[in-house]
Amino acid sequence: MKGKIIKSTGSWYQVLEIETGKIFEARIRGKFKLIKTRLTNPLAVGDFVEFQLEQDDIAWITKIEPRKNYLIRKSVNLSKEAHIIASNIDLACFIFTLKFPETSLGFLDRFLACCEAYNIKPLILFNKMDVLSDEESEIVKDIEFLYNEIGYETLEISSYSKLNLNELVEILKDKTSVFFGHSGCGKSTLVNALQPDLNLRTSEISDTHLKGKHTTTFAQMHFWDFGGNVIDTPGVREFAMIDIEKEEVQHYFPEIFKKREECKYHNCLHINEPKCAVLDSLETGEIQHSRYSTYIKLMDEAEENAHR
């Protein structure tokens with residue numbers, strides 16, 4: 001039988017049978033866990049699988065189909081490197097909040113680099129526009145302009161004022177999407193606004209640190225009435241890239257990759273090489289310092305991983 005993983009709690013999964021739409025509680029055979037991997041989880045929400053039914057309608061997952069793509073976060077388990085958040089994604093929506101909580105550009109840039117690396121189309125959603133002053137709204141528009149110039153799509157939204165939610169529905173329709181962002185950025189509130197009968201649990205922002213409390217503790221797929229589905233994920237603190245060479249990192253920053261052709265040396269890493277077009281563009285403001293800073297961090301991480 002063929003199915004799709006729609007919920008993962010770590011030890012148990014829910015599988016949606018493709019043909020009938022019936023949902024089964026499922027586990028994985030021991031041999032799955034023996035596969036040598038640097039990942040903490042062998043299966044993720046969005047995976048297509050084969051499974052067999054045994055007594056009491058318990059499904060045993062026997063095979064995983066090759067993934068089209070996936071996104072991963074850094075693992076809290078020191079012996080492993082990363083944890084797959086979701087797979088087979090058509091659109092990855094990054095929910096950016098200027099405040100309540102504040103989202104760093106570095107976090108956004110790391111997410112975008114991961115999307116480039118794993119061939120996933122990103123969309124930047126500037127959320128909670130209804131709580132911003134005119135001056136703060138201008139800051140968001142400046143950030144939007146920077147990312148539009150690089151080639152990324154953006155949309156200003158609000159779950160409360162319903163700003164641009166109809167436009168968002170048209171974008172999400174018939175796709176498998178995933179919402180990412182810091183805890184408290186409004187993922188669950190947004191899902192509820194788009195599909196009110198889901199009633200996902202939401203939480204207040206913690207006054208102490210102006211950060212959200214984790215309300216989603218495991219990944220789960222929800223289906224839109226307008227077509228398609230969304231994978232709701234726990235708040236992600238840091239995205240990860242594994243098996244990436246240091247020299248490859250520039251491929252995942254479109255504006256840096258574009259400029260490399262103008263560098264004097266074809267193997268330029270844009271660190272301190274002479275006649276480097278990227279460093280020149282940094283001086284003129286054509287390439288943003290925040291983006292370049294994330295680029296250097298990812299190169300350092302790739303080098304560290306290579307020596308493990």
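The values are calculated or read from the model by the stated rules, or taken from the named source; none is laboratory data. Keep in mind it's a predicted model, so treat the numbers as computed, not measured. Positions of Cβ are backbone-derived with ideal geometry, glycine not excepted, and every protein chain shown enters the neighbour counts. Heads up: the accessible areas ignore ligands, DNA and RNA and are worked out on the full protein's heavy atoms, side chains in. Shrake-Rupley method; radii C 1.70, N 1.55, O 1.52, S 1.80 Å.
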request  = Would you kindly calculate the translational diffusion coefficient of the range 49-131, applying Stokes-Einstein with the Kirkwood radius from alpha carbon pairs, for 20 °C and a viscosity of 1.002 mPa s, and quote it in µm² s⁻¹ without decimals?
outcome  = 138 µm²/s
inquiry  = Helix check for the chain. Which DSSP H runs span at least 15 Å along their own axis by Cα, with a mean Kyte-Doolittle hydropathy no less than 1.0?
reply    = 105-117
message = Out of all DSSP beta bridges in the chain, what portion is antiparallel? Express it as a percent rounded to 5.
response = 60 percent
note = With every protein chain kept in place and a 1.4 Å probe, the chain has an accessible area per residue in Å² of 51 Å²
ask   = In square nanometres, what is one fourth of the surface area of the convex hull spanned by the alpha carbons of the range 1-157?
value = 11.5 nm²
inquiry  = Which three extents, in angstrom, do the Cα atoms of the chain have along their principal axes, listed largest first?
reply    = 69, 48, 37
For the range 100-188, the Rg and Dmax computed from alpha carbons only, in angstrom = 13.1, 37
task = Report the one residue of Ile139, Leu198, His83 whose Cα lies farthest in the direction of the positive end of the charge dipole of the chain (charges on C-beta: Lys and Arg +1, Asp and Glu -1; origin at the Cα centre).
result = His83
key: Apportionment of accessible area to carbon and sulfur, the range 82-171, percent (1.4 Å)   = 49 percent
query = If you build a Gaussian network model of the chain, linking Cα atoms that sit under 10 Å apart, which residue out of Phe126, Phe239, Phe226 swings the most?
reply = Phe226
